[in-house]
1. How many of the residues making up region A:45-77 are within 11 Å of chain B (Cβ to nearest Cβ) and under 27 Å from A:PRO130 (Cβ atoms)?
2. Are there helices (runs of 4 or more DSSP H) fully within region B:28-115 with at least 2 residues that are within 30 Å of A:VAL90 (Cβ to Cβ)? List them.
3. Output the residue which, of all residues in region A:86-99 that are over 15 Å from B:ILE319 (Cβ atoms) and more than 8 Å from chain B (Cβ to nearest Cβ), is surrounded by the most Cβ atoms within 10 Å (Cβ to Cβ).
4. Hey, B:THR48 hits all of (1) modelled with pLDDT under 90; (2) in the same structural domain as B:PRO168 (by TED's automatic domain parsing); (3) touching a Leu at 6+ places or on another chain (Cβ under 9 Å) but one; which does it fall short on?
5. Residue check, B:SER295 against (1) outside the structural domain of B:CYS262 (by TED's automatic domain parsing); (2) modelled with pLDDT under 80; (3) hydroxyl-bearing (Ser, Thr, Tyr), all met but one. Which one?
6. For A:ILE35, work out the one condition from (1) within 9 Å of the ligand (Cβ to nearest atom); (2) open to solvent by 40 Å² or more (accessible area, probe 1.4 Å); (3) more than 14 Å from every other protein chain (Cβ to nearest Cβ) it doesn't fulfil.
7. Being farther than 17 Å from B:ALA281 by Cβ and either touching a strand residue (DSSP E or B) at 6+ places or on another chain (Cβ under 8 Å) or not assigned by TED's automatic domain parsing to the domain that holds B:ASN278 (or both) is the filter here; which residues of region B:212-230 pass it?
8. Specify which of the listed residues (A:CYS71, A:CYS12) is touching a His at 6+ places or on another chain (Cβ under 8 Å), within 16 Å of the ligand (Cβ to nearest atom) and not basic (Lys, Arg).
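The values are calculated or read from the model by the stated rules, or taken from the named source; none is laboratory data. Small disclaimer: the values here were computed from a predicted structure and weren't measured. Every residue, glycine among them, receives a Cβ derived from its backbone with ideal geometry; neighbour counts consider all protein chains shown. Heavy atoms of the whole protein, side chains included, go into the accessibility calculation; ligands, DNA and RNA do not. Shrake-Rupley method; radii C 1.70, N 1.55, O 1.52, S 1.80 Å.
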Amino acid sequence: MDFEPKLVGFLCKWCSSAGADLAGVSRKNYPSNLIPITVNCSGRIDVSYVVRAFHDGADGVLISGCHPGDCHYNSGNYKAWRRVALLKHVLEEFGVNPDRVKLKWISATEGEKFAQTIKGFTSEIKELGPGPYNDARERE
Amino acid sequence: MQEKENKLKVGAYWASSCGGCDVALLGLHERILDLLEGADIAFWPAATDFKYEDLKSYKRNELDITFFNGGIRTSENEEIAKLLREKTDLLVAYGSCAHQGGIPGLANMSDKSTVFDTVYRDNPSTYNPEGTVPLERSEFNGGELELPAFNERVKNLEGVVKVDYTVPGCPPPPELTQNFLDLILNDDLPPRGSVVAGEKTVCDECNREWNKKSIDEFHRPQEIEIDLEKCLLDQGIICMGPVTRSGCDASCPEMNLPCKGCFGPPSKVDDQGAEMLNSLASILQIGEEGKALESEENVLANLPDPIGTFYSFSLANSIFGGKVEDGGNNERK
Ligand code: FES
(Lines give C-alpha, C1' and ligand atoms only; values in the text may rest on other atoms or scores of the structure.)
Protein backbone atom coordinates (compact mmCIF):
# COMPACT_ATOMS: atom_id res chain seq x y z
CA MET A 1 0.00 0.00 0.00
CA ASP A 2 1.10 3.55 -0.65
CA PHE A 3 2.59 5.42 2.22
CA GLU A 4 0.06 7.92 3.55
CA PRO A 5 1.83 10.37 5.83
CA LYS A 6 0.34 11.30 9.15
CA LEU A 7 0.69 15.04 9.64
CA VAL A 8 -0.06 17.11 12.71
CA GLY A 9 -0.77 20.82 12.31
CA PHE A 10 -0.69 23.40 15.07
CA LEU A 11 -2.70 26.35 13.76
CA CYS A 12 -3.15 29.65 15.53
CA LYS A 13 -6.75 30.49 16.26
CA TRP A 14 -6.78 34.02 14.85
CA CYS A 15 -5.31 33.49 11.39
CA SER A 16 -4.35 30.03 10.26
CA SER A 17 -7.24 28.16 11.78
CA ALA A 18 -9.61 30.65 10.16
CA GLY A 19 -7.66 30.16 6.92
CA ALA A 20 -8.29 26.42 7.21
CA ASP A 21 -11.99 27.09 7.74
CA LEU A 22 -12.02 29.27 4.67
CA ALA A 23 -10.41 26.51 2.64
CA GLY A 24 -13.26 24.30 3.82
CA VAL A 25 -16.15 26.66 3.11
CA SER A 26 -14.66 27.54 -0.28
CA ARG A 27 -14.67 23.81 -1.04
CA LYS A 28 -10.97 23.66 -1.83
CA ASN A 29 -9.59 20.23 -2.44
CA TYR A 30 -6.64 19.08 -0.40
CA PRO A 31 -5.41 15.79 1.07
CA SER A 32 -6.88 14.64 4.36
CA ASN A 33 -3.53 13.77 5.93
CA LEU A 34 -3.40 16.61 8.42
CA ILE A 35 -4.76 16.46 11.94
CA PRO A 36 -5.30 20.14 12.79
CA ILE A 37 -4.95 21.36 16.36
CA THR A 38 -6.01 24.91 17.09
CA VAL A 39 -3.91 26.81 19.59
CA ASN A 40 -4.37 30.42 20.62
CA CYS A 41 -1.18 31.62 19.00
CA SER A 42 1.79 30.07 17.24
CA GLY A 43 3.85 31.41 20.15
CA ARG A 44 1.94 28.98 22.38
CA ILE A 45 3.48 25.95 20.70
CA ASP A 46 6.08 24.33 22.91
CA VAL A 47 9.02 22.59 21.32
CA SER A 48 7.99 19.54 23.33
CA TYR A 49 4.58 19.41 21.57
CA VAL A 50 6.35 18.88 18.28
CA VAL A 51 8.76 16.31 19.70
CA ARG A 52 5.81 14.51 21.35
CA ALA A 53 3.95 14.50 18.04
CA PHE A 54 6.86 12.72 16.35
CA HIS A 55 7.17 10.35 19.28
CA ASP A 56 3.49 9.49 18.96
CA GLY A 57 3.80 8.62 15.31
CA ALA A 58 3.61 11.84 13.26
CA ASP A 59 5.61 11.91 10.03
CA GLY A 60 5.53 15.69 9.71
CA VAL A 61 4.47 18.67 11.79
CA LEU A 62 3.10 21.92 10.43
CA ILE A 63 3.20 25.07 12.51
CA SER A 64 1.18 27.90 11.13
CA GLY A 65 0.46 31.38 12.43
CA CYS A 66 -0.33 34.93 11.40
CA HIS A 67 2.02 36.73 9.05
CA PRO A 68 4.95 38.59 10.65
CA GLY A 69 3.59 41.81 12.11
CA ASP A 70 0.03 40.44 12.28
CA CYS A 71 0.07 38.25 15.38
CA HIS A 72 -2.95 38.89 17.55
CA TYR A 73 -0.61 38.99 20.52
CA ASN A 74 1.99 41.12 18.73
CA SER A 75 5.05 38.91 18.82
CA GLY A 76 4.00 35.28 19.32
CA ASN A 77 4.83 34.35 15.76
CA TYR A 78 8.36 35.72 16.07
CA LYS A 79 8.82 33.45 19.05
CA ALA A 80 7.50 30.53 17.07
CA TRP A 81 9.89 31.43 14.27
CA ARG A 82 12.91 31.29 16.57
CA ARG A 83 11.67 28.18 18.31
CA VAL A 84 11.37 26.38 15.03
CA ALA A 85 14.89 27.45 14.04
CA LEU A 86 16.31 26.02 17.28
CA LEU A 87 14.09 22.95 17.10
CA LYS A 88 15.24 22.06 13.58
CA HIS A 89 18.85 22.35 14.68
CA VAL A 90 18.24 19.92 17.55
CA LEU A 91 16.00 17.55 15.57
CA GLU A 92 18.78 17.07 13.08
CA GLU A 93 21.13 16.07 15.90
CA PHE A 94 18.56 13.56 17.06
CA GLY A 95 18.53 12.01 13.60
CA VAL A 96 15.21 13.41 12.41
CA ASN A 97 15.12 15.19 9.06
CA PRO A 98 14.43 18.87 9.88
CA ASP A 99 12.27 19.15 6.74
CA ARG A 100 9.65 17.21 8.65
CA VAL A 101 8.82 20.46 10.40
CA LYS A 102 7.26 23.23 8.36
CA LEU A 103 6.52 26.78 9.42
CA LYS A 104 4.01 28.72 7.32
CA TRP A 105 2.30 32.08 7.70
CA ILE A 106 -1.33 31.74 6.66
CA SER A 107 -3.89 34.48 7.22
CA ALA A 108 -7.67 34.16 7.64
CA THR A 109 -8.19 35.13 3.99
CA GLU A 110 -5.74 32.62 2.56
CA GLY A 111 -7.88 29.52 2.14
CA GLU A 112 -6.17 28.72 -1.12
CA LYS A 113 -2.72 29.05 0.42
CA PHE A 114 -3.79 26.68 3.20
CA ALA A 115 -4.93 24.08 0.69
CA GLN A 116 -1.72 24.45 -1.33
CA THR A 117 0.40 24.19 1.80
CA ILE A 118 -1.22 20.93 2.83
CA LYS A 119 -0.90 19.54 -0.68
CA GLY A 120 2.75 20.50 -0.89
CA PHE A 121 3.65 19.32 2.60
CA THR A 122 1.87 15.99 2.14
CA SER A 123 3.78 15.24 -1.04
CA GLU A 124 7.09 16.37 0.49
CA ILE A 125 6.61 14.01 3.40
CA LYS A 126 5.52 11.22 1.07
CA GLU A 127 8.85 11.72 -0.60
CA LEU A 128 10.72 11.60 2.73
CA GLY A 129 8.92 8.46 3.86
CA PRO A 130 7.83 7.48 7.36
CA GLY A 131 8.98 9.46 10.39
CA PRO A 132 11.05 8.21 13.31
CA TYR A 133 8.23 6.44 15.18
CA ASN A 134 6.01 4.90 12.56
CA ASP A 135 4.94 1.76 14.41
CA ALA A 136 1.80 3.55 15.65
CA ARG A 137 0.41 3.43 12.15
CA GLU A 138 1.37 -0.17 11.57
CA ARG A 139 -0.56 -1.28 14.62
CA GLU A 140 -3.77 0.21 13.32
CA MET B 1 13.51 8.64 65.77
CA GLN B 2 13.31 4.87 65.73
CA GLU B 3 14.03 2.89 68.87
CA LYS B 4 17.50 1.36 69.01
CA GLU B 5 16.11 -2.18 68.98
CA ASN B 6 13.99 -1.22 66.02
CA LYS B 7 16.63 0.28 63.77
CA LEU B 8 16.00 1.17 60.15
CA LYS B 9 17.58 -1.21 57.66
CA VAL B 10 19.30 0.81 54.97
CA GLY B 11 20.77 -0.27 51.65
CA ALA B 12 22.75 1.55 48.98
CA TYR B 13 23.66 0.46 45.48
CA TRP B 14 25.60 1.72 42.48
CA ALA B 15 24.55 0.86 38.96
CA SER B 16 25.97 2.70 35.95
CA SER B 17 27.61 5.61 37.73
CA CYS B 18 30.98 7.17 38.48
CA GLY B 19 31.01 6.42 42.21
CA GLY B 20 30.54 10.08 43.10
CA CYS B 21 27.13 9.46 44.64
CA ASP B 22 28.55 6.93 47.08
CA VAL B 23 31.17 9.48 48.00
CA ALA B 24 28.37 12.01 48.40
CA LEU B 25 26.74 9.74 50.99
CA LEU B 26 30.03 9.62 52.84
CA GLY B 27 30.24 13.38 52.36
CA LEU B 28 27.77 13.66 55.21
CA HIS B 29 30.91 13.27 57.38
CA GLU B 30 30.18 12.86 61.06
CA ARG B 31 26.48 13.33 60.43
CA ILE B 32 26.47 9.82 59.00
CA LEU B 33 27.03 8.67 62.57
CA ASP B 34 23.68 10.13 63.55
CA LEU B 35 22.16 8.11 60.78
CA LEU B 36 23.88 4.97 62.03
CA GLU B 37 22.40 5.61 65.48
CA GLY B 38 19.02 5.02 63.99
CA ALA B 39 19.89 2.70 61.15
CA ASP B 40 21.73 -0.48 60.22
CA ILE B 41 23.43 -0.85 56.88
CA ALA B 42 22.17 -4.05 55.33
CA PHE B 43 23.61 -3.78 51.81
CA TRP B 44 26.13 -1.32 50.36
CA PRO B 45 28.64 -2.79 47.87
CA ALA B 46 30.77 0.38 47.76
CA ALA B 47 31.42 0.39 51.49
CA THR B 48 30.67 -3.03 52.93
CA ASP B 49 31.08 -6.64 51.99
CA PHE B 50 27.52 -7.75 51.36
CA LYS B 51 26.96 -10.04 48.39
CA TYR B 52 24.01 -10.40 46.07
CA GLU B 53 23.27 -13.68 47.82
CA ASP B 54 22.70 -11.79 51.07
CA LEU B 55 20.31 -9.50 49.32
CA LYS B 56 18.45 -12.45 47.82
CA SER B 57 18.07 -13.99 51.25
CA TYR B 58 16.17 -10.98 52.61
CA LYS B 59 12.42 -11.04 52.94
CA ARG B 60 10.21 -8.86 50.82
CA ASN B 61 10.46 -5.20 51.95
CA GLU B 62 13.02 -6.20 54.58
CA LEU B 63 15.09 -3.12 53.76
CA ASP B 64 13.33 0.03 54.89
CA ILE B 65 15.13 2.26 52.47
CA THR B 66 17.63 1.90 49.64
CA PHE B 67 19.66 4.66 48.01
CA PHE B 68 20.09 3.62 44.40
CA ASN B 69 22.59 5.59 42.34
CA GLY B 70 23.50 5.16 38.69
CA GLY B 71 21.55 4.55 35.53
CA ILE B 72 20.55 1.22 34.00
CA ARG B 73 23.15 0.28 31.41
CA THR B 74 23.61 -3.47 31.80
CA SER B 75 21.41 -6.47 32.49
CA GLU B 76 23.07 -6.65 35.90
CA ASN B 77 21.99 -3.08 36.72
CA GLU B 78 18.46 -4.00 35.76
CA GLU B 79 18.40 -7.29 37.63
CA ILE B 80 19.63 -5.74 40.87
CA ALA B 81 17.25 -2.80 40.50
CA LYS B 82 14.36 -5.27 40.34
CA LEU B 83 15.71 -7.30 43.23
CA LEU B 84 16.15 -4.19 45.36
CA ARG B 85 12.66 -3.05 44.46
CA GLU B 86 11.33 -6.30 45.83
CA LYS B 87 13.36 -6.17 49.03
CA THR B 88 12.91 -2.46 49.77
CA ASP B 89 10.04 -0.48 51.16
CA LEU B 90 11.28 2.96 50.04
CA LEU B 91 13.42 2.92 46.92
CA VAL B 92 15.26 6.19 46.40
CA ALA B 93 16.72 7.30 43.06
CA TYR B 94 19.81 9.01 44.38
CA GLY B 95 21.63 11.40 42.06
CA SER B 96 21.22 12.44 38.43
CA CYS B 97 21.97 9.07 36.82
CA ALA B 98 19.31 7.14 38.71
CA HIS B 99 16.97 10.11 38.32
CA GLN B 100 17.43 10.80 34.60
CA GLY B 101 20.16 8.58 33.19
CA GLY B 102 22.75 11.28 33.78
CA ILE B 103 25.99 11.65 31.86
CA PRO B 104 26.17 7.94 30.89
CA GLY B 105 22.80 8.49 29.24
CA LEU B 106 24.49 10.67 26.62
CA ALA B 107 25.75 7.42 25.13
CA ASN B 108 22.18 7.05 23.83
CA MET B 109 23.30 9.27 20.95
CA SER B 110 25.33 6.29 19.71
CA ASP B 111 24.36 2.68 19.27
CA LYS B 112 25.93 -0.15 21.20
CA SER B 113 28.44 -1.15 18.54
CA THR B 114 29.70 2.43 18.17
CA VAL B 115 30.15 2.65 21.92
CA PHE B 116 32.14 -0.61 21.88
CA ASP B 117 34.26 0.51 18.94
CA THR B 118 35.11 3.78 20.65
CA VAL B 119 35.84 2.28 24.02
CA TYR B 120 37.64 -0.92 23.03
CA ARG B 121 39.20 -0.11 19.65
CA ASP B 122 39.34 3.47 18.43
CA ASN B 123 40.24 5.60 21.41
CA PRO B 124 43.79 6.92 20.85
CA SER B 125 44.79 5.70 24.29
CA THR B 126 43.41 2.20 23.75
CA TYR B 127 45.93 -0.55 23.04
CA ASN B 128 44.02 -3.59 21.90
CA PRO B 129 45.76 -5.16 18.87
CA GLU B 130 43.57 -8.27 18.99
CA GLY B 131 40.42 -6.17 19.05
CA THR B 132 39.07 -7.96 22.11
CA VAL B 133 35.65 -6.82 23.18
CA PRO B 134 33.63 -8.11 26.14
CA LEU B 135 31.32 -10.98 25.23
CA GLU B 136 28.29 -12.13 27.10
CA ARG B 137 29.57 -15.70 26.90
CA SER B 138 33.07 -16.98 26.32
CA GLU B 139 34.93 -20.27 26.64
CA PHE B 140 37.76 -20.35 29.11
CA ASN B 141 39.76 -23.35 30.29
CA GLY B 142 37.05 -25.71 29.17
CA GLY B 143 34.35 -23.80 31.05
CA GLU B 144 32.02 -21.05 30.10
CA LEU B 145 32.23 -17.52 31.47
CA GLU B 146 29.34 -15.12 31.53
CA LEU B 147 29.21 -11.34 31.63
CA PRO B 148 26.13 -9.14 32.04
CA ALA B 149 24.63 -7.93 28.76
CA PHE B 150 25.27 -4.37 27.65
CA ASN B 151 21.84 -2.94 26.83
CA GLU B 152 21.15 -1.01 23.65
CA ARG B 153 20.19 2.07 25.65
CA VAL B 154 20.69 3.62 29.07
CA LYS B 155 17.50 4.02 31.09
CA ASN B 156 16.88 5.79 34.35
CA LEU B 157 15.80 3.81 37.40
CA GLU B 158 12.15 4.75 36.88
CA GLY B 159 12.54 3.21 33.41
CA VAL B 160 12.73 -0.28 34.97
CA VAL B 161 11.07 -0.14 38.39
CA LYS B 162 8.82 2.11 40.42
CA VAL B 163 10.70 4.76 42.38
CA ASP B 164 9.43 6.14 45.68
CA TYR B 165 11.63 9.20 46.14
CA THR B 166 14.23 11.05 44.13
CA VAL B 167 17.13 12.99 45.58
CA PRO B 168 18.56 14.77 42.52
CA GLY B 169 21.98 16.22 41.78
CA CYS B 170 25.33 15.28 40.35
CA PRO B 171 26.05 14.43 43.08
CA PRO B 172 23.27 15.46 45.49
CA PRO B 173 24.59 18.22 47.78
CA PRO B 174 25.12 17.06 51.39
CA GLU B 175 22.46 19.48 52.70
CA LEU B 176 19.88 17.90 50.44
CA THR B 177 20.80 14.39 51.55
CA GLN B 178 20.81 15.50 55.18
CA ASN B 179 17.41 17.11 54.77
CA PHE B 180 16.06 13.90 53.25
CA LEU B 181 17.49 11.81 56.10
CA ASP B 182 15.86 14.16 58.60
CA LEU B 183 12.54 13.69 56.87
CA ILE B 184 12.94 9.91 57.14
CA LEU B 185 14.07 9.90 60.74
CA ASN B 186 11.30 12.31 61.76
CA ASP B 187 8.74 10.37 59.78
CA ASP B 188 7.87 13.49 57.84
CA LEU B 189 8.24 12.37 54.22
CA PRO B 190 6.24 13.96 51.39
CA PRO B 191 3.95 11.70 49.29
CA ARG B 192 5.65 8.85 47.43
CA GLY B 193 6.85 9.75 43.97
CA SER B 194 8.19 13.15 45.09
CA VAL B 195 11.48 14.64 44.06
CA VAL B 196 12.89 15.87 47.33
CA ALA B 197 14.35 19.24 46.33
CA GLY B 198 12.94 22.68 45.46
CA GLU B 199 9.77 23.25 43.46
CA LYS B 200 11.03 26.31 41.58
CA THR B 201 13.98 26.81 39.27
CA VAL B 202 17.66 27.50 39.81
CA CYS B 203 17.12 31.10 38.62
CA ASP B 204 14.89 31.57 41.61
CA GLU B 205 17.83 30.93 43.95
CA CYS B 206 20.44 32.72 41.86
CA ASN B 207 21.68 36.12 43.00
CA ARG B 208 22.85 37.35 39.63
CA GLU B 209 21.18 40.37 38.16
CA TRP B 210 18.90 39.76 35.25
CA ASN B 211 17.86 42.71 33.16
CA LYS B 212 18.80 42.52 29.51
CA LYS B 213 16.56 39.53 28.73
CA SER B 214 18.01 39.09 25.29
CA ILE B 215 20.89 37.27 23.64
CA ASP B 216 22.39 38.12 20.30
CA GLU B 217 25.27 35.69 20.33
CA PHE B 218 26.19 32.51 22.19
CA HIS B 219 29.54 32.23 23.92
CA ARG B 220 31.25 29.37 25.62
CA PRO B 221 32.37 30.22 29.15
CA GLN B 222 36.07 30.16 28.29
CA GLU B 223 35.63 32.62 25.44
CA ILE B 224 34.66 35.74 27.34
CA GLU B 225 35.43 37.47 30.58
CA ILE B 226 32.40 36.71 32.67
CA ASP B 227 30.79 39.53 34.62
CA LEU B 228 30.42 38.29 38.19
CA GLU B 229 27.20 40.12 38.93
CA LYS B 230 25.15 39.66 35.78
CA CYS B 231 22.99 36.81 34.60
CA LEU B 232 25.02 34.35 32.55
CA LEU B 233 22.30 34.04 29.91
CA ASP B 234 22.36 37.81 29.50
CA GLN B 235 26.02 37.42 28.67
CA GLY B 236 25.31 34.81 25.99
CA ILE B 237 26.37 31.81 28.04
CA ILE B 238 23.87 28.99 27.98
CA CYS B 239 22.81 28.40 31.55
CA MET B 240 20.14 25.75 32.18
CA GLY B 241 18.91 27.60 35.27
CA PRO B 242 15.50 28.54 33.83
CA VAL B 243 14.55 24.90 33.25
CA THR B 244 16.26 23.21 36.18
CA ARG B 245 14.73 22.37 39.54
CA SER B 246 15.89 24.46 42.49
CA GLY B 247 17.43 23.08 45.66
CA CYS B 248 21.16 23.56 45.06
CA ASP B 249 21.32 27.26 46.03
CA ALA B 250 22.44 27.98 42.47
CA SER B 251 25.85 26.63 43.39
CA CYS B 252 27.27 26.59 39.83
CA PRO B 253 26.22 30.12 38.79
CA GLU B 254 27.51 31.32 42.18
CA MET B 255 30.89 29.88 41.17
CA ASN B 256 30.75 31.58 37.77
CA LEU B 257 29.78 28.41 35.93
CA PRO B 258 26.57 27.98 33.97
CA CYS B 259 24.00 25.55 35.35
CA LYS B 260 24.20 22.23 33.50
CA GLY B 261 20.80 21.04 34.62
CA CYS B 262 21.76 18.17 36.94
CA PHE B 263 18.62 18.48 39.11
CA GLY B 264 16.43 17.79 36.11
CA PRO B 265 13.38 19.85 35.20
CA PRO B 266 10.71 21.08 37.64
CA SER B 267 7.68 18.80 38.04
CA LYS B 268 5.51 20.03 35.21
CA VAL B 269 8.13 20.02 32.46
CA ASP B 270 7.96 17.16 29.97
CA ASP B 271 11.39 17.45 28.39
CA GLN B 272 14.14 19.56 29.91
CA GLY B 273 16.03 20.21 26.68
CA ALA B 274 12.91 21.14 24.71
CA GLU B 275 11.89 23.49 27.50
CA MET B 276 15.28 25.18 27.27
CA LEU B 277 14.75 25.73 23.55
CA ASN B 278 11.44 27.42 24.41
CA SER B 279 13.13 29.74 26.87
CA LEU B 280 16.07 30.49 24.60
CA ALA B 281 13.81 31.29 21.67
CA SER B 282 12.05 33.88 23.81
CA ILE B 283 15.21 35.85 24.50
CA LEU B 284 17.15 35.20 21.34
CA GLN B 285 17.58 38.27 19.17
CA ILE B 286 18.57 37.07 15.77
CA GLY B 287 18.82 40.24 13.72
CA GLU B 288 15.83 42.52 13.98
CA GLU B 289 12.47 40.97 14.55
CA GLY B 290 10.92 40.25 11.21
CA LYS B 291 14.23 39.58 9.59
CA ALA B 292 14.82 37.15 12.38
CA LEU B 293 16.42 34.26 10.63
CA GLU B 294 18.89 35.88 8.29
CA SER B 295 21.80 35.31 10.58
CA GLU B 296 20.39 32.16 12.12
CA GLU B 297 23.29 30.04 10.99
CA ASN B 298 25.89 32.29 12.55
CA VAL B 299 24.12 32.20 15.87
CA LEU B 300 23.61 28.47 15.84
CA ALA B 301 27.17 27.86 14.71
CA ASN B 302 28.26 28.80 18.20
CA LEU B 303 26.09 26.04 19.57
CA PRO B 304 28.40 23.18 18.69
CA ASP B 305 26.94 20.46 20.87
CA PRO B 306 23.22 21.07 21.33
CA ILE B 307 22.40 17.66 22.80
CA GLY B 308 25.31 17.81 25.22
CA THR B 309 24.25 21.33 26.15
CA PHE B 310 20.50 20.95 26.54
CA TYR B 311 20.34 17.31 27.58
CA SER B 312 23.55 16.89 29.60
CA PHE B 313 21.83 14.87 32.30
CA SER B 314 18.33 14.22 31.03
CA LEU B 315 18.81 12.61 27.63
CA ALA B 316 17.86 9.09 28.71
CA ASN B 317 14.69 10.47 30.29
CA SER B 318 13.80 12.83 27.44
CA ILE B 319 10.93 12.25 25.00
CA PHE B 320 13.15 10.66 22.36
CA GLY B 321 15.50 9.15 24.93
CA GLY B 322 18.42 9.31 22.50
CA LYS B 323 19.22 9.23 18.83
CA VAL B 324 16.44 7.93 16.60
CA GLU B 325 16.40 6.72 13.05
CA ASP B 326 14.33 8.58 10.52
CA GLY B 327 11.91 6.13 8.98
CA GLY B 328 12.85 3.56 11.60
CA ASN B 329 10.72 1.68 14.03
CA ASN B 330 12.28 3.28 17.05
CA GLU B 331 11.38 1.73 20.33
CA ARG B 332 9.40 3.96 22.65
CA LYS B 333 10.35 4.36 26.26
S1 FES C 1 -2.19 34.84 17.00
FE2 FES C 1 -1.63 34.03 15.10
S3 FES C 1 0.46 33.81 15.44
FE4 FES C 1 -0.07 34.81 17.26
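1. 14
2. Hits in region B:28-115: B:75-87, B:96-100.
3. A:LYS88
4. So the condition that B:THR48 fails would be (3).
5. (1)
6. (1)
7. Residues satisfying the conditions are B:HIS219, B:ARG220, B:PRO221, B:ILE224, B:ILE226, B:GLU229, B:LYS230.
8. A:CYS12
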